[in-house]
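Enquirer: Got a structure here, written out as C-alpha cells. Questions coming.
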Amino acid sequence: MSRHVIGVLVENQPGVLNRVSGLFSRRGFNIDSISVGVTERSDVSRMTLTLDGDEKVLEQLTKHLNKLPDVIKVTHLDAGCVERGLALVKVDVSSPESRSEVMQVADVFRGAVIDVSRDTVTVEVTGTEDKIQAMLDLLREHGIKEVARTGVAAMARGPKYTGTE
C-alpha cells in the first residue's frame, strides 16, 4: 500500500464535503487527511485528500468520485506535487533544559514558537507530512500535551495546471 494525494475540484455548495466523505465511508476507505477551501473562483472549492491504498483502490475511488454530480475534476497529485500541512504542538517544558531543547527542535524544523507559558511551549510547523512527523518524534520525549493538525494542501509543480479551465 502506498500513500496517495488526490485533488478534487467540486462545486462550492452545501453538503458536497458530506457527499464526498460519505462515498469513502460507504466503500470502506479511510481518508488520512482532508482539507477544503475555495479556489480562485468563488463557485469552486478544492479538496485535497490523502489516503493509503494500491493503484486499484485509487482507480476505483476516482471512478466513483467522477460520478458525483458536484465533482468537476479529479487529479492524482502523487508525483510532482507541492504539499504542505500545518501542526500546532503543545509541549511540556516544566524543566528549564526542556524549554531550551524544545525551542532548538522548533528552530531546526523552521517552526515558530507561538505561545509560551510557565509549563508549556506551543510550536507551529509547516511542511510535508514526513517533516511534521519527524518533529513530533523528537518532541515526544519532552511530553507532548496536545497536537492539532491540518490536512494537506497540495497542487501540481511547475506549469501543470489542475484547475477548471
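Every read-out reported here was derived from the displayed coordinates using simple, explicitly stated rules and does not represent laboratory data. Please read these numbers as outputs of a predicted model, since none were measured by experiment. Because the Cβ atoms are built from the backbone with ideal geometry, glycine has one as well, and the counts that use them run over all protein chains shown.
Enquirer: Report the gain in length on full extension from residue 113 to residue 18: 0.36 nm times residue separation, minus Cα-Cα distance, nm rounded to one decimal.
Expert: Computed gain between residue 113 and residue 18 is 30.7 nm.
Enquirer: If we sort 11-18, 101-108 on the protection proxy, mean other Cβ atoms within 10 Å, highest first, what's the order? If you can, show how the numbers build up before the last one.
Expert: Details: 11-18: 12.6, 101-108: 17.0.
In decreasing order of mean packing, 11-18, 101-108 become 101-108, 11-18.
Enquirer: Please give the net charge around residue 19, taking every other residue with its beta carbon less than 14 angstrom from that of residue 19, where Lys and Arg add +1 and Asp and Glu add -1.
Expert: +1
Enquirer: Roughly speaking, what is the centre-to-centre gap between segment 25-75 and segment 112-139 when only Cα atoms are used, to the nearest Å?
Expert: With segment 25-75 and segment 112-139 each reduced to a Cα centre, they are spaced 29 Å.
Enquirer: Which of the GluC sites (Glu not before Pro) found in segment 110-161 are in a DSSP loop and have at most 12 neighbouring Cβ atoms, other than their own, within 10 Å?
Expert: When the GluC sites (Glu not before Pro) of segment 110-161 are filtered for loop state and at most 12 Cβ neighbours within 10 Å, 141 remain.
Enquirer: Mind checking the dipole of the chain: about its Cα centre, +1 per Lys or Arg Cβ, -1 per Asp or Glu Cβ, Debye to the nearest 20?
Expert: 540 debye
Enquirer: How many lysine pairs are close in the chain, with Cα atoms under 27 Å apart and the two 8 or more places apart or on different chains?
Expert: Final tally of qualifying lysine pairs is 11.
Enquirer: Where does the charge balance sit around residue 68 when Lys and Arg score +1, Asp and Glu -1, over other residues with C-beta under 14 Å from its C-beta?
Expert: Working: positive: 19, 26, 27, 63, 67, 73; negative: 11, 70.
With Lys, Arg at +1 and Asp, Glu at -1, the net is +4.
Enquirer: Further question on the same structure: If you take the charge dipole of the chain about its Cα centre, with +1 on Lys and Arg Cβ and -1 on Asp and Glu Cβ, which of 2, 47, 143 is farthest toward its positive end?
Expert: 47
Enquirer: Can you work out the FRET efficiency for the pair residue 27 and residue 72, with r the C-beta to C-beta distance and R0 = 25 Å, to the nearest 0.05?
Expert: Using R0 = 25 Å, I get an efficiency of 0.75.
Enquirer: In what order do 131, 160, 56, 145 fall by count of nearby beta-carbon atoms within 10 Å, going from fewest to most? Can you show the working numbers first?
Expert: Numbers: 131 17, 160 11, 56 8, 145 14.
Exposure proxy ranking, most exposed first: 56, 160, 145, 131.
Enquirer: If you wrap a convex hull around the alpha carbons of segment 59-165, what volume per residue comes out, as a whole number of Å³? Walk me through the intermediate numbers first.
Expert: Values: hull volume 15.0 nm³, N = 107.
Measuring per residue, one finds 141 Å³ for the Cα hull of segment 59-165.
Enquirer: Strictly greater than 19 Å: what percent of every Cα pair in segment 2-79 meets that? Show your work: numbers first, answer last.
Expert: On the way: 809 of 3003 pairs.
Taking all Cα-Cα pairs of segment 2-79, the fraction more than 19 Å apart is 27 percent.
Enquirer: Also: Placing unit charges on C-beta atoms (Lys and Arg positive, Asp and Glu negative, everything else neutral), compute the dipole magnitude of segment 82-153 about its Cα centre in debye, rounded to 20. Before the final figure, lay out the partial values.
Expert: Working: 9 positive and 13 negative charges, 32 e Å.
Rounded to the nearest 20 debye, it is 160 debye.
Enquirer: Tell me the label-point distance for the pair residue 97, residue 60, using the 7 Å Cα-to-Cβ offset, in nm and rounded to one decimal.
Expert: For the pair residue 97/residue 60, the computed spacing is 5.2 nm.
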